Amino acid sequence: MGVDVAVCGANDEELAAIRALFEEWDGVFSRFRPDSELNRVNRHPLGVVILSRVFAFAAQTAISAAAATNGLVDPTLGAAVEAAGYDRDFSELGEDERPLPFRAPSPGTWRSLRLSGRMLSRPPGTTLDLNGVVKSLAVDSALELISGDGFVSAGGDVAVRGGSLIGLPARGEVSLLAGGMATSGSTKRRWLRGGSVQHHLIDPRTGRPAESRWDEVTVAAGSCVAADVAAKAAFLLSDDGPAWLDERDLAGRFRDGEVFVENRSWNELLMERAA
C-alpha cells in the first residue's frame with residue numbers, strides 16, 4: 001500500500017498474521033499489479049463477476065461509504081484517478097508532460113453497483129478503485145487480530161483499543177481511548193501533469209482532483225474506516241466540511257496552511273477528555 005505499518009500490543013503470532021493481512025490486501029487491491037484481483041475485475045468483460053471474500057467485504061464497505069456520503073466517497077472513480085496521471089506507483093510519479101484530457105471522466109456511478117454476497121454486477125467498463133476504504137479497513141481488521149489492548153497505524157490511519165496518544169499532522173497530539181483516527185488531504189500525494197498540480201482525492205461531481213479550502217482533514221470516529229471516509233467527505237465539502245461532521249457528531253480538525261480549525265464536536269471531545 002506504499003506506507004509503513006506500526007503495531008503495538010501484538011505477540012509474535014499476531015504480528016505475523018497482521019503482516020500477512022497487509023501483504024494479502026496489497027496483492028488483492030493494488031492498481032499497479034497486473035495480476036491483482038482489482039485489475040482482473042476491472043478487465044472482466046462481463047457485467048457480473050464473482051469476488052473473493054475479502055474483495056466482497058471491501059466492496060460492500062465502499063458501497064456503504066458512498067451511500068453514507070451521498071456519493072462523495074465513490075469506488076467507481078478509477079478512470080478519473082488515472083486521467084489525473086496517477087497511473088503507476090506513486091514512487092514512480094514525476095512531472096508528466098502529457099496534457100490533461102480535454103474532457104473529464106464521467107462523474108462517479110456508484111449507484112450502478114449491485115452486490116449480492118460475492119456476486120458483483122456493474123456496467124461493463126466501470127473502473128473500480130477501492131482505495132478510498134481499503135487501507136483504513138485493513139487497519140481495523142488488523143486490530144481485530146490483537147487479543148488485548150494495542151494499536152495499528154498505517155500511513156497516518158490509526159485504530160486503537162485501550163488508549164493511545166496519537167500525533168496529529170503538522171503539530172499537536174490527542175489521546176484516543178478507542179476507535180479510529182484518519183487524515184485525508186492533498187499535501188502528500190501530489191504530482192504534476194500538463195503543468196498543473198494534481199492529487200488523488202477526486203471530486204465525483206467533476207471527475208477532477210478536488211479544489212478544497214483545506215490541506216488536510218483529520219477525523220476521530222468509532223473505527224478507522226469510519227474516520228477515513230468522513231475525513232475524505234469533509235475534505236471534498238471544503239467550507240461545508242466542519243458542519244457536515246457536526247451533523248454526524250464526528251470530531252474533526254481542519255488545516256489550511258498554518259491555520260487550524262476544529263469543529264464543535266472536536267472541541268467537545270477535548271473538553272470531555274480534560275474533565
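The values are calculated or read from the model by the stated rules, or taken from the named source; none is laboratory data. Small disclaimer: the values here were computed from a predicted structure and weren't measured. Every residue, glycine among them, receives a Cβ derived from its backbone with ideal geometry; neighbour counts consider all protein chains shown. In case anyone asks, the SASA skips ligands and DNA or RNA and just uses the protein heavy atoms, side chains included. Shrake-Rupley method; radii C 1.70, N 1.55, O 1.52, S 1.80 Å.
Please go through the range 162-174 and pick out each residue that is in a strand (DSSP E or B) and either under 17 Å from the mean Cα position of the chain (by Cα) or in contact (Cβ under 8 Å) with a residue 40 or more places away in the chain (or both).
Correct list: G162, S164, V174.
When only residues in the range 158-173 that are exposed (fewer than 11 other Cβ atoms within 10 Å of the Cβ) and not acidic (D, E) count, which is modelled with the highest pLDDT?
L165
Working carefully through the options L51, L15, L46, find the one that is surrounded by fewer than 14 Cβ atoms within 10 Å (Cβ to Cβ) and aliphatic (A, V, I, L, M).
Answer to the check: L46.
Can you tell me which condition L21 does not meet? The list is (1) part of a helix (DSSP H, G or I); (2) modelled with pLDDT under 95, and all the others hold.
(2)
So W191 ticks every box in (1) modelled with pLDDT under 85; (2) outside any strand (DSSP E or B) but one. Which box is left unticked?
With (1) modelled with pLDDT under 85; (2) outside any strand (DSSP E or B) applied to W191, the lone miss is (2).
Can you spot a residue in the range 138-153 that is in contact (Cβ under 8 Å) with a residue 12 or more places away in the chain, open to solvent by 20 Å² or more (accessible area, probe 1.4 Å) and in a strand (DSSP E or B)?
For the range 138-153, residues in contact (Cβ under 8 Å) with a residue 12 or more places away in the chain, open to solvent by 20 Å² or more (accessible area, probe 1.4 Å) and in a strand (DSSP E or B): present.
Within the range 105-131, take every residue that is modelled with pLDDT under 85 and crowded, with 16+ Cβ neighbours inside 10 Å and give me the one that is nearest to A227 (Cα to Cα).
G108
Can you go through R255, R213 and tell me which one is in contact (Cβ under 8 Å) with a residue 60 or more places away in the chain, not in a helix (DSSP H, G or I) and not hydroxyl-bearing (S, T, Y)?
Answer to the selection: R255.
Filtering the range 174-187 down to residues that are surrounded by 13 or more Cβ atoms within 10 Å (Cβ to Cβ) and aliphatic (A, V, I, L, M), which residue is farthest from E258 (Cα to Cα)?
Only one residue fits best here, namely A178.
Is one or more of the residues making up the range 216-236 in a loop (DSSP other than H, G, I, E, B), touching an Asp or Glu at 6+ places or on another chain (Cβ under 6 Å) and surrounded by 16 or more Cβ atoms within 10 Å (Cβ to Cβ)?
Among the residues of the range 216-236, at least one is in a loop (DSSP other than H, G, I, E, B), touching an Asp or Glu at 6+ places or on another chain (Cβ under 6 Å) and surrounded by 16 or more Cβ atoms within 10 Å (Cβ to Cβ), which makes the answer yes.
Going through the range 109-145 one residue at a time, which ones are touching a helix residue (DSSP H, G or I) at 6+ places or on another chain (Cβ under 9 Å) and of a type in the set (G, A, S)?
Selection gives G117, S121, G125, G132, S136, A138, S141, A142.
Exactly one condition in (1) open to solvent by 30 Å² or more (accessible area, probe 1.4 Å); (2) at pLDDT 95 or above; (3) more than 24 Å from A231 (Cα to Cα) is not met by S64; state its number.
(3) is the only condition that S64 fails.
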